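First up is the structure itself, then whatever we jot down about it.
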Amino acid sequence: MKLFVTVGSMLPFDRLVRAIDDFVGTRPDIEAFAQIGETRNRPRHMDSRQMMAPAEYRRMFEEADVVVSHVGIGTVITAAELCKPLVMLPRQMELQEVTSRHQQATARWLAGRPGVHIVSSEAELPAKIDEVAGSRGVDDFESETRAELIRTVRDFIRG
């Protein structure tokens, strides 16, 4: 299995990187690469880079069987474009991983959408990754939104 881990570019997310690095260390069948952002912690069991050029980021995304990330909308959009399953761990303001609770709010909004798998703690990551490996990826949200818009307009016209 190939994992691509991405934490975005704004703040470090050491809790996520450490959890995946520990997991990969116990699983020789997993090949992982991580975009780790600004951090002093270096993974021991997976290759990593602080930042990546857009073409390299996309290539790693395309090659992954599962993408693991913070709850970033850019990641969700790319997963939808490439139909990749996402396992997402929201950053927590209480742990100084982010400056607001927007990731938890976004996670609640995304929960239950096909291909998006939200976990509430790093302890849940290994089981969730194993569960979604080989599963369907993120659906195209645009088509869902378009259908809803058409229904709304149609209902309005019909009075």
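Backbone geometry of the stretch 86-97 corresponds, through the Karplus equation with coefficients 6.51, -1.76 and 1.60 at θ = phi - 60°, to 3J(HN,Hα) couplings of 10, 10, 10, 10, x, 5, 10, 4, 4, 9, 6, 8 Hz, x marking Gly and Pro.
Kindly state, to the nearest 0.05, the FRET efficiency for Ala133 paired with Arg49, given R0 = 22 Å and r defined as their beta-carbon distance.
Details: r = 23 Å, r/R0 = 1.06.
Between Ala133 and Arg49 the formula returns 0.40.
Computed with a 1.4 Å probe on the full set of protein chains, the accessible area for Arg18 sits at about 120 Å². Here the Karplus curve 6.51 cos²θ - 1.76 cosθ + 1.60, taken at θ = phi - 60°, turns the phi angles of the stretch 42-49 into couplings of 10, x, 9, 10, 8, 5, 8, 8 Hz, with x standing for Gly and Pro.
For Ile118, the residues whose amide H sits under 5 Å from its own are Met88, Gly112, ignoring neighbours fewer than 5 places away on the same chain, with H placed 1.01 Å from N.
Once you sort the root eigenvalues of the Cα gyration tensor of the stretch 44-130 as a ≥ b ≥ c, which label holds: rounded (a/c under 1.5), prolate (a/b larger than b/c) or oblate (the other case)? Rounded.
For the chain, the longest principal axis of the Cα atoms and the long axis of helix 14-25 meet at an angle of about 70 degrees. Between the Cα long axis of helix 73-82 and the first principal axis of the chain there is an angle of about 80°, rounded to the nearest 10. Phi angles across the stretch 107-121 convert, under the Karplus curve 6.51 cos²θ - 1.76 cosθ + 1.60 with θ = phi - 60°, into 3J(HN,Hα) values of 4, 5, 5, 7, 3, x, 6, x, x, 10, 10, 9, 10, 9, 8 Hz, Gly and Pro given as x. Near the amide H of Val68, within less than 5 Å, lie the amide hydrogens of Phe4, Val5, Thr6, Val87, all on another chain or at least 5 residues away, with H placed in the peptide plane. Assuming a ≥ b ≥ c are the square roots of the Cα gyration tensor eigenvalues, decide whether the stretch 6-57 counts as rounded (a/c under 1.5), prolate (otherwise, with a/b larger than b/c) or oblate. Because a/c hits 1.5 or more and a/b fails to exceed b/c, the stretch 6-57 counts as oblate. Between Asp22 and Arg158, the distance separating the two model label sites (each 7 Å from Cα on the Cα→Cβ line) works out to 5.4 nm. For the chain, the longest principal axis of the alpha carbon atoms and the long axis of helix 54-63 meet at an angle near 90°.
Calculate, in nm to one decimal, what Arg58 and Leu11 gain on full extension: separation in residues at 0.36 nm each, minus their alpha carbon distance. Present the calculation step by step, with values, prior to reporting the outcome.
Working: separation 47, 0.36 × 47 = 16.92 nm, distance 2.03 nm.
Full-extension gain reported as 14.9 nm.
The values are calculated or read from the model by the stated rules, or taken from the named source; none is laboratory data. Note that the structure is predicted; figures quoted are calculated from it, not measured. Because the Cβ atoms are built from the backbone with ideal geometry, glycine has one as well, and the counts that use them run over all protein chains shown. These accessible areas exclude ligands, DNA and RNA; they are computed on the full protein's heavy atoms, side chains included. Shrake-Rupley method; radii C 1.70, N 1.55, O 1.52, S 1.80 Å.
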